[in-house]
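Trainee: The following block contains the structure, expressed as structure tokens.
The values are calculated or read from the model by the stated rules, or taken from the named source; none is laboratory data. Nothing here was measured: the structure is a model prediction, and the numbers come from that model. Note: ideal-geometry Cβ built from the backbone for every residue, glycine included; neighbour counts use all protein chains shown. The area values use the complete protein model at the heavy-atom level, side chains included, leaving out ligands, DNA and RNA. Shrake-Rupley method; radii C 1.70, N 1.55, O 1.52, S 1.80 Å.
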Amino acid sequence: MDNIRTLNGDLVARDLRFAIVAARFNDAIVDSLIRGAVDTLLRHGAGEKQIEIIRVPGAYDLPFIVKRVAASRRYDAVVALGAVIRGATPHFDHVAGQCASGLARAADETGVPVAFGVLTTDTIEQAVERAGTKAGNKGADAALCALELANLLKRLDV
Ligand code: INI
């Protein structure tokens, strides 16, 4: 193991630029995800000028804008945030499915890391738990992932 080259992305945000693209739907929950993401980036050394927040109507609309934002090359990583709650929507599977696959495609097609910070839950209570209460904050987790991937990408020589 000692002789195996291992690459990791570190968690230092200095000199990196981040876009947080967040849905307005379920904003009471998504606003907590945004706070978690911003707080994480600031605590890892980002300045406020290194972060931009872009709002879209709903989670289904995230991929369309995330792809534009990533393709602009103005950001080292994108954090996509939203909340899709099954109990509140008959077309949960379409919204959640299109959102997840569209975000993955945006990252693939642009080569810019896109962290998936979209809650997909059965109930509002489960969403609240993952938005800064007893099950952590998925926005903070996604910001950490974006940070690690952005740094890893800089270190990769492929
Ligand atoms: N958008 C969400 O972000 N969460 C939801 O739970 C949701 N529901 O319940 O339907 C939702 N719908 C809106 C959708 O994301 C688009 O904004 C809309 O379809 C217009 O494209």
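Trainee: Among the residues of the stretch 64-85, which ones are part of a strand (DSSP E or B) and away from the ligand (no atom under 13 Å from the Cβ)? Don't jump to the end; show me each part of the working.
Mentor: Step one: of the stretch 64-85, the residues part of a strand (DSSP E or B) are 77-85.
Residues satisfying the conditions are A77, V78, V79.
Trainee: Sticking with this one: Can you name every residue in the stretch 114-146 that is aliphatic (A, V, I, L, M) and under 17 Å from V95 (Cα atoms)?
Mentor: So the first thing to find is which residues in the stretch 114-146 are aliphatic (A, V, I, L, M), and the list is 114-115, 118-119, 124, 127-128, 131, 135, 140, 142-144, 146.
Result: V118, L119, I124, A127.
Trainee: So which residues in the stretch 125-157 are under 14 Å from G9 (Cβ atoms), outside any helix (DSSP H, G or I) and not charged (D, E, K, R), if there are any at all?
Mentor: Here is the first cut: in the stretch 125-157, the residues under 14 Å from G9 (Cβ atoms) are 143-157.
So of that shortlist, the ones also outside any helix (DSSP H, G or I) come out as 156-157.
Result: L156, single match.
Trainee: Moving on to the next point. Out of I65, I54, report the one residue that is among the β-branched types (V, I, T), free of Cβ contacts under 8 Å to residues at least 60 places away in the same chain and buried (at least 18 other Cβ atoms within 10 Å of the Cβ). Full working, then the answer.
Mentor: Values: I54 fails: buried (at least 18 other Cβ atoms within 10 Å of the Cβ).
That would be I65, the only listed residue that is among the β-branched types (V, I, T), free of Cβ contacts under 8 Å to residues at least 60 places away in the same chain and buried (at least 18 other Cβ atoms within 10 Å of the Cβ).
Trainee: Consider F92 carefully, then state whether it is buried (at least 16 other Cβ atoms within 10 Å of the Cβ) and in contact with a Lys or Arg (Cβ under 6 Å, 6 or more places away or on another chain). So that I can check it myself, show each step before the final result.
Mentor: Numbers: buried (at least 16 other Cβ atoms within 10 Å of the Cβ): yes; in contact with a Lys or Arg (Cβ under 6 Å, 6 or more places away or on another chain): yes.
In short, yes.
Trainee: For A100, all conditions in the list (1) open to solvent by less than 20 Å² (accessible area, probe 1.4 Å); (2) within 16 Å of the ligand (Cβ to nearest atom) hold save one; what is the number of the exception?
Mentor: Looking at each condition in turn, A100 falls short on (1).
Trainee: Separate question: If I ask for residues that are within 16 Å of the ligand (Cβ to nearest atom) and either in a strand (DSSP E or B) or buried (at least 20 other Cβ atoms within 10 Å of the Cβ) (or both), which ones from the stretch 1-24 would you list? It would help to see each step written out before you state the result.
Mentor: Restricting attention to the stretch 1-24, the residues satisfying the condition of being within 16 Å of the ligand (Cβ to nearest atom) are 20-24.
Selection gives I20, V21, A22, A23.
Trainee: Give the residue, chosen from D108, D31, D61, that is in a helix (DSSP H, G or I) and within 11 Å of the ligand (Cβ to nearest atom).
Mentor: Among D108, D31, D61, only D61 is in a helix (DSSP H, G or I) and within 11 Å of the ligand (Cβ to nearest atom).
Trainee: Right, something else. Are there any pairs, at least 6 apart or on different chains, whose C-beta atoms fall under 9 Å, with the first in the stretch 75-95 and of a type in the set (V, I, T) and the second more than 6 Å from the ligand (Cβ to nearest atom) and in a loop (DSSP other than H, G, I, E, B), and if so, which?
Mentor: Short answer, once both residue conditions are applied: V78/V112; V78/P113; I85/D122; I85/T123.
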